Structures are given as structure tokens and as C-alpha cells.
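Notes to accompany the following structure.
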Amino acid sequence: MDRMLRNKKTITLFLLPSIIIFSATVILPILWSGYYSLFHWNGIGKMRFVGLENFTNLMKDPYFASAFFHNGIYLIVNLIGQLGVALVLALLLSHIKRGNTFFKTLYFAPAVLSGVAVCQAFKNFYALDPPGLFNLILQAIGLGEFQRVWLGNMDTALGSVALIECYKNMGIYLVILYAGLISIPSSVIESAKMDGARGWVMFWKIKMPYLKNVLGAALIMAVNGLLKAFDIPYITTYGGPGDATELVATYMYKTAFSSAKYGYGSAIAVVIALECIVFVSVLQFILKRNQE
């Protein structure tokens, strides 16, 4: 086996199917988008070469700037709501000896549900007329004056949609972080307890160093996914009300397929791809430096 793993031809042979599929589904579409971004094209007529004009217009586009800002807020809320909550729940589950399988299944279940089903359920959850569960809870605890159409209000729509994303995907990171926690050698934990480590000290000084690589991988996965977030805000609010929940990916989709500006939409797609590459590369660099 070791001899096979040292053989570069064998490694290449095993990796080749994945490389072909990745190139066909990721690399090639990005290259095509880069090509189309250099043209004005409505999808039917003749393509007109404009060079970098689409990108220069993009930098002056107030709607793109707004979508980019919303994406930043969406990213921060979800990193806290997904990774932060997942880490806390994973720590709690690691201390539960009986019934933790039930709780893991319960928390992971939303991740395998259809995005359309989750969005529809939350539309009813946030509804005002007839009142959904959230507004009924506010009324029951004496906060009825805060009742509103959460997805139809400019001030609350983005946060409400971000919470749906948190609920949908938090279970994925819970399972990843829980697996990292239970992989810590029990001898290390027992030795730390004998030395008097408890609570915060146990987590920060003992568990966190072992969890750092797993948390780093989860962070890269989350950032990469959230920079391309599309389905939850599109299904739930279609980017509205107004442009309150418009993200870069939803703006790209509507520009290309609703407004038939394929060149301009391709320029936005290229920006999304570059944004993901830059953010992930920076995160990998920071994590690598911390390991060293």
C-alpha cells in the first residue's frame, strides 16, 4: 500500500475522475463566464465585445454595492449562528452520555430537508396575518408591540432570512465539530482534569488546540458557501422587500436571467468566483501561519 501511495502515476489515476468532473462543473463554467463578461449580450442577438466595461460599470453600480454589503452582514450573522452555535452544542453533546444520538439527529435533520420546504415553513413561522408561531410567542410573553411581517419589513428581512440559513445548515458544522471533539484522546482530557483544568480552561487550553484544524476546515467551508448564498434568500423573499435581502448571487441571477444581461451577469459571476478564491486563500494562509 505504501508503495502505491508513493507512485505518482497511481495517485494521478485515482484523482483523474474527480479532476475531470471538477474541471467540467467548476473550472470550465468559470472560464466561460470570464469570456462572456467581456461582451454585451442578451442571450439571443449578436455578441458585442466591450472589454472590461462590464467590470468598470460594476464598480459604479449602487445595486451591486448594496448586494455586496448585504452579503457581508449575511456572512457575519451566519458564521456566528452556524459555527458559534454549532460549537456550543457540540461541547454540550460531548458531555451527554445517553441520548446524544437523538439530539445529533434532531439538529442535523434540517440539513437534509429541501430548501423550498424549510423556506415555506419559515414564511408561515414569521407570518403576521394569520399570525405565525414567532409572533404568537411574542404576544404570549407580553411583547406584542414587536409583532410585524418579519420577511416583509426592510429593517428585519435580512436578519430573518439569515436565521433561516443558520437553521438549515448549522447541523452540518455541529456534526463536524462534534467529531473533532470526541477524537481528542481521553488520556489528554483525564490528565488535564488531574491537573485541575475545568470549564473554560479545559476548553481553551486543552480542547481548542486539538479542534483548531477541524474548526479551520469548517470555517473555510462556511465562508465559501455563504459568499455564494443564493437559494434561501431567493426562495424566501426574491431579494426583497426592495433590495433588503439582495445578495451578490441573487443579483447576478436576476441580472443575467431576468434582465437578459448575460455579459454583465457573467462579470458578477466572475467577481463571486474571485471573491471566494481570495477569501479562502487568505483564511488558509492565516490558519497555516497559526499552525506553524
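The values are calculated or read from the model by the stated rules, or taken from the named source; none is laboratory data. No experiment lies behind these values; they were computed from the predicted model shown. Every residue, glycine among them, receives a Cβ derived from its backbone with ideal geometry; neighbour counts consider all protein chains shown.
What to note about this one:
- In the stretch 42-55, the qualifying residues are those that are touching a residue at least 24 places away in the same chain (Cβ under 8 Å) and within 31 Å of the chain's Cα centre (by Cα), and the one that is surrounded by the most Cβ atoms within 10 Å (Cβ to Cβ) is N54.
- Restricted to the stretch 97-148, the set of helices (runs of 4 or more DSSP H) holding at least 2 residues that are among the aliphatic types (A, V, I, L, M) and under 21 Å from T237 (Cα atoms) comprises 115-126.
- You will find that of S33, S18, the residue that is assigned to a helix (DSSP H, G or I), touching a residue at least 24 places away in the same chain (Cβ under 8 Å), under 29 Å from the mean Cα position of the chain (by Cα) and on the phi < 0 side of the Ramachandran plot is S33 and no other.
- A single member of L58, L79, L28 is touching a Phe, Trp or Tyr at 6+ places or on another chain (Cβ under 8 Å), on the phi < 0 side of the Ramachandran plot and surrounded by 11 or more Cβ atoms within 10 Å (Cβ to Cβ), and it is L58.
- Some residue of the stretch 155-174 being at pLDDT 90 or above, closer than 19 Å to A67 by Cβ, surrounded by fewer than 15 Cβ atoms within 10 Å (Cβ to Cβ) and over 19 Å from the mean Cα position of the chain (by Cα): yes
- Residue within the stretch 132-146 that is at pLDDT 90 or above, under 20 Å from H70 (Cα atoms) and crowded, with 21+ Cβ neighbours inside 10 Å present: no
- Conditions (1) in contact with a Leu (Cβ under 9 Å, 6 or more places away or on another chain); (2) assigned to a helix (DSSP H, G or I); (3) not basic (K, R); number of the one not met by G152: (2)
- At least 2 residues being of a type outside the set (D, E, K, R) and under 22 Å from L38 (Cβ atoms) is the threshold, and among the helices (runs of 4 or more DSSP H) wholly inside the stretch 184-292 those reaching it are 248-253, 262-291.
- The combined condition, being of a type in the set (A, V, I, L, M, F, W, C) and touching a helix residue (DSSP H, G or I) at 6+ places or on another chain (Cβ under 8 Å), is fulfilled by V85.
- Residues that are buried (at least 16 other Cβ atoms within 10 Å of the Cβ), closer than 30 Å to P185 by Cα, in contact (Cβ under 8 Å) with a residue 40 or more places away in the chain and in contact with a Lys or Arg (Cβ under 8 Å, 6 or more places away or on another chain) do occur in the stretch 100-111, at least one of them.
- Counted residues, the stretch 226-272 - those being over 24 Å from L79 (Cβ atoms) and aliphatic (A, V, I, L, M): 4
- Set side by side, the residues A269, A273, A244 differ, and just one is in contact with a His (Cβ under 8 Å, 6 or more places away or on another chain) and either among the hydrophobic types (A, V, I, L, M, F, W, C) or within 21 Å of F55 (Cβ to Cβ) (or both), which is A244.
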